[in-house]
1. In the range 55-89, which chymotrypsin sites (Phe, Trp or Tyr not before Pro) are in a loop and have at most 16 other Cβ atoms within 10 Å, using DSSP for the loop call?
2. Using just the alpha carbons, could you tell me how many Å³ per residue the convex hull of the range 2-98 encloses?
3. Run the dipole for the range 2-98 about the Cα centre, Lys and Arg Cβ at +1, Asp and Glu Cβ at -1, nothing else charged, and hand back the magnitude in debye, nearest 20.
4. Give me the net charge of H4's neighbourhood, meaning all other residues with Cβ under 15 Å from the Cβ of H4; Lys, Arg count +1, Asp, Glu -1.
Amino acid sequence: MRLHGIDISGLRARRVSHEDFAAFDLILAMDRANRNALLKLAPKEHQGKIALLMDYAPTMSVQEIPDPFFGDAYGFDYAYQLVDAACRGLFVSLTAQKPPQATPAAKSPASLNG
């Protein structure tokens, strides 16, 4: 990551908790095995929040991000490239969503006057 100008020294991995399914709008997995494990752990009402990160890079022919830990330096760079492409697609997806509609009370003249 340092080679790409990104400092991740302050980040630490942790296990997904049951509370995460209610707390987060989207939970992304790097591969199918992890996605399937998350689906088993998640309450039914939150399973729609779980997806593969590579779902956000549909033009790429890869659906999973391989774990580079046991490979060489190229494996880390390849994983970085996949994550970068998917995160760019995720950003586009999130910023393309319509903003929430204002409630009628928020639009009323009384609310504008304080």
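Read-outs throughout are calculated quantities, based only on the coordinates presented, and are distinct from any laboratory measurement. Values in this document were obtained by computation on a predicted structure and should not be read as measured data. Neighbour counts are summed over all protein chains in view; Cβ atoms, including those assigned to glycine, are modelled from backbone coordinates with ideal geometry.
1. Numbers: sites: Y56, F69, F70, Y74, F76, Y78, Y80; in loops: F69, F70.
Sparse-neighbourhood loop chymotrypsin sites (Phe, Trp or Tyr not before Pro): F69, F70.
2. 138 Å³
3. 280 debye
4. After counting each charged neighbour, the total is -1.
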